[in-house]
Amino acid sequence: MNMRYRWTALIMVLLLPTWLFCQDDKELAPVSRTYAITNVNIIQAPGRKIEMGTVVIKDGLITAVGKGVSIPPEAIVIKADSMYVYAGFIDGLTRAGVIKPKEETKEKLKDPGNPPPDRAGITPQMDVRNFLNPSDKALEELRSLGFTTAQVVPHGNLLPGSAAIVLTGAPSGDAMVLISKSALYSELTGANNIYPATILGVMAKWRDLYRQAVQAKSYEGMYAANRTGLERPTSERTLEAFYPVIDQKIPVLFRTEKMLDANRALTLKNDLSFSLMLAELKDGWPMINKIKASGAKVFLSLDLPEEIKTTEKKDASTAIKKADSAKLAPANPVSKTKTPADLEKEALDKRKAEAIANYAGQASSFQKAGILFGFSTMSAKSKDIPANLRRMIRAGLTEDALLAALTTTPAQLLGLSDRMGTVDNGKMANLVITDKSYFNEKAKVRYVFVDGVMYKMEIKEAKKSDGTTKVEIEGSWSTTTQSPQGNSEGKLTFKKDGSGYTGTFSGGRIPAPVDLKDISLDGATLTFNYSLNFGANPVKVEVELTVDGDTLKGITTVGTFGSFPMEGTKDPKY
Amino acid sequence: MTLIDINMKKSILIVIVCGFLTVAYGQVEKGNVLIKNGTVLTITKGNLENTDVLIKEGKITQIAKGIAALAGIKVIDATGLYVMPGIIDAHSHIGLDAINEGTNAITPEVWTGDAINPFQMSIYRALAGGCTVSHALHGSANAIGGQSQTIKHRYGMFDPDAMKMEGAPRTIKFALGENPTNGGRSDDLQPQSRMGVEFVIRQAFSEAKQYMERWDVYNKNKSVKGFRGAPPAYSLRYETLADLLRGKIILHCHSYRADEINMVLKVCKDFGIKRLVFQHANEAFKVAPELAAAGASASVFSDWWQYKLEVYYSTAYNAAILVRNGVVTSINSDSPDLIRHLYHEAGKTQKYGGLSDDEALSLITINPAKQLGIENRVGSLEIGKDGDVAIFKNHPLSIYGVPQYSIVDGIVRFDREKDPGDMRLMPDPKETIDVTFYETGHNHENCMQGVEQLFGVNHNENKN
């Protein structure tokens, strides 16, 4: 008896670590699916605010909003004292949470003028639901910003497949999906040296396919009604994918970053009369009236061109006045020290600054023209999004209009108004809670609710102020960067240089160490960047790391290729 | 200058500076202008000294002496200046984001009208050379290339559709010789020889004919009561070729050698195609009477050849010989550089061939207009025609001729006196500003653009 008890205890002890490990892997279900967010500023919708109220959510839905709301006894109470709660944001176009199929090396085509459809980028029958991955890092980044819903599309160019509207948090790919086949997705880009290769071929192929689909659909209808005297129609998946578009049940969603591409999408809409959704538009201000007249639904890009640093900008704007007068009178004493090249550079800088301002002002122009618009994040870097939103406000967009473009308008454009977009009774419990107004520079997202599931954000307090732990980066570090191609090892070195640092990075596919630029150590946050040459095009790599003693951890962002996790440990001193 | 002029310039400036658009989008802007006291070169109706030209709502409404200026109308004092119709280029590739869909031997379904880029500086530069209309041609990478678009140089408009000359007939580009066969040989596909080019064209025409007939039969049967049957499969490719066979599209054929020009004349005769323009046509002088008899025309260079083997046999007298044989002839640029001084190119025919002033100027005005099917709209200064005008200091055929104003639809789109250094409409917000950068002289806006890599050819050898 005694022995037996001992054996059991021993086995228990032996098993314990494994059991704990299992618990680590599988998150505990919350004890209740009822939450009460109390004493919170509730921004129910743009222009609709309740100060210091309570939001109750139960089983994925908002069940009570207001002051003096009774809190159910089973509720997990979140004391959100003086915090702000908004409806979860909606993203009109992204590939966050969508797996990119591995690129296989494909054999050279014998006749590139008549490729199989998939080689030409024509796979409209594909469904993004087959590629969903709820644990994708990019999806987590999007959610951490407050986006709870997104329209996602498969990877590919011309006609990669159908889009879906998904939640940014769910236990499985299928559980993410709110609406499947929300739109047929297209990009006006051709295949590489395969027909259609250029915008010329792409536009023609689009018209050809669409009209063939109209014909096939009509014939199928004819055959279904009466088979007499008719050949049996054969099934063609590429054409069938257009049927819901032809029936006006779903729109065609185009990624049109440039207004010329948006114009081309409008041309196709006019030629073929489908309903049109434009997303990721960046320079659409000159075609506002045309978009308005077309009735197309619009999602503007949250990517903005990098701002010129304020000091430089000031220089440029004062210098340009001088440049103007100097041009007329070269002997002007003001311009004595400036060469013609300086003046030319200043004039070009000024035009560039104006162009950048136009991009930041796009949303405001659309607001003034009375066009409904949402936002899309496809080509935006997550970390830039809050700052870009503030730039749009500085460029004239009102906070209410901005909030509408993140919540109520996209809900309306995507046909989701009945279930999301505002903080109201009966809506899905998609919420974002911030410690300050979302558009405040210092605001931090504290909680995000997706479909009633709480995600608590880790707040990284800058260790700058406490001064107890001194962060030292000088020396050499071994790093590992995860990418879809596998892990890549690298070496970082830092050397003190006055009050700052110099450094290099090598490893991976970088043959010789590259110099790091803009090295900044702010508390435990280390940022720097460097340039890589892929072929002729320099690609800027931006790195943000948190240093903790002899380890560092963070994200490296390679141009527009994506963001990858990076980790490192300090090499022993030699 | 007058108020309207200042306002116009201002609005362009506002567009440039603020990106704020005041102009009506997607619509053709039309203006009013009175050009006073110039030497008017009408091209079709002689020269008129000290004469005024009045343009109202974009159309020429009066050509006479001493026209009174209406209140508020822009007036250009052309005393001592030469007033001619805006220059027309029947072969150019400016203002296009893509020129060649060279991936297949036949691509008649594609259309350069889909690739218009109204922000290209080459459009403004063409205006600075008095050129107001150009034919934005598909390239010459394949035997049957794409449909092309005649554009008006309305630089300052942000809408690509506003560049298209409304009502201009449809055109299509074919190509013979080295360019399309290069592609065939590199992929081991048809065509690989001049014979192959003929075969590809004839085969496409035959298939288009069958396509057309299948539809005709179907449409006829469809109206019969009780008819049951499937429609022929739709194809934009053969729809387009069928329209060409029906005479709805003007054929512009890239060609150099006399033998292949003859070949295409025969093919077109066999398939009933009547509206035919040979582009480049360096050996057209050898078959000038045949061209005249067939009613085909030619659009040539003044004195540009030897850039590849098939262009070795050539002469600067080509244009003059064609004119003397009664062939409607134009001189084209095929280049964003030459398009800026087509008046020089036309002037060369006076040295090589002794053409008269009107004959020489016709080569860059009314004749290209005929080749594009727009001669009722532009190409000469006549009442009722579009208000497209180029105003020169010194005679345009003189080596001292310098364009001063270019007017499109009654709107001054280029004014030498007000020509800011930076005319870009959409500057790149991510550009790297480097004022030490100089052009390397490579010319990418040519017929083989986008396919050099495809065919592995050296693009220096393929200027056209």
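The numbers here are math on the coordinates, done by the rules we state, and not lab data. Computed from a predicted structure; not experimentally measured. A quick note on method: Cβ atoms are made from the backbone with ideal geometry, for glycine too, and the neighbour counts reach across all protein chains shown.
Descriptive notes on the structure:
- Dipole of the stretch A:475-570, positive direction: furthest Cα of A:Gly475, A:Ser499, A:Thr546, with charges on the beta-carbon: A:Gly475
- Comparing A:Ile288, B:Met84, B:Phe199 along the charge dipole axis of the protein assembly as shown, the residue lying farthest to the positive side is A:Ile288, per the Cβ-charge model.
- Projecting the Cα atoms of A:Val85, A:Thr148, A:Thr189 onto the charge dipole of the protein assembly as shown (Cβ charges, centred on the Cα centre) puts A:Val85 farthest toward the positive pole.
- Our summary of shape: the Cα atoms of the stretch A:475-570 have principal axis extents of 35, 24, 21 Å, ordered from largest down, in whole angstrom.
- Between the stretch B:348-425 and the stretch A:109-128, the Cα center-to-center distance that results, in Å: 47
- Evaluated over the protein assembly as shown, the Cα radius of gyration and Dmax, each in Å: 33.4, 129
- Relative exposure of A:Thr434, B:Thr112, B:Thr315, judged by other C-beta atoms within 10 Å (fewest first): B:Thr315, A:Thr434, B:Thr112
- Nearest-ten-degree value, helix B:258-271 long axis tilted from longest Cα axis of chain B: 70
- Cross-link reach list, lysines versus B:Lys59, counting only Cα pairs under 21 Å and skipping chain neighbours closer than eight places: B:Lys9, B:Lys30, B:Lys36, B:Lys45, B:Lys74, B:Lys152, B:Lys164, B:Lys370, B:Lys385
- Principal-axis tilt of helix B:236-245 within chain B, Cα atoms, nearest 10 degrees: 80
- Chain B: C-alpha gyration tensor shape, a/c 1.5 cut-off, then a/b vs b/c: prolate
- Cross-link pairs exceeding 26 Å between alpha carbons, from the set A:Lys217/B:Lys173; A:Lys181/A:Lys368; A:Lys352/A:Lys381: A:Lys217/B:Lys173; A:Lys181/A:Lys368.
- Of A:Leu142, A:Leu552, the sequence from fewest to most neighbouring Cβ atoms within 10 angstrom is A:Leu552, A:Leu142.
- Dipole in debye (nearest 20) - chain A, about Cα centre, beta carbon charges: Lys, Arg +1; Asp, Glu -1: 740
- Gyration tensor verdict on chain A (Cα atoms; rounded if a/c is under 1.5, prolate if a/b is larger than b/c, oblate otherwise): rounded
- The angle between the Cα long axis of helix B:3-18 and the longest principal axis of the Cα atoms of chain B comes to about 60 degrees, rounded to the nearest 10.
- With R₀ fixed at 60 Å, the C-beta to C-beta distance from B:Lys351 to A:Arg419 puts the FRET efficiency at about 0.15.
- In the structure shown, the pairs A:Lys309/A:Lys442; B:Lys209/B:Lys286; B:Lys56/B:Lys248 are assessed against 27 Å; a Cα-Cα span above that value is assigned to B:Lys209/B:Lys286; B:Lys56/B:Lys248.
- Euclidean distance of C-alpha centroids, the stretch A:189-215 and the stretch A:474-492, integer Å: 42
- Put in order of Cβ neighbour count within 10 Å, fewest first, the listed residues A:Asp522, A:Asp451 become A:Asp522, A:Asp451.
- Cβ charges +1 (Lys, Arg) and -1 (Asp, Glu), total dipole of the protein assembly as shown, debye: 1600
- If R0 is taken as 35 Å, the Cβ-Cβ distance between B:Asn47 and B:Ala71 corresponds to a FRET efficiency of 0.70.
- Once you reduce the stretch B:176-243 and the stretch A:218-280 to the center of their Cα atoms, the two points are 24 Å from each other.
- Rounded to the nearest 20 debye, the dipole size of the stretch A:475-570 about its Cα centre is 240 debye, using +1 on the Cβ of Lys and Arg and -1 on the Cβ of Asp and Glu.
- At R0 = 56 Å, FRET efficiency that the Cβ-Cβ distance of A:Thr234 and A:Gln485 yields, to 0.05: 0.90
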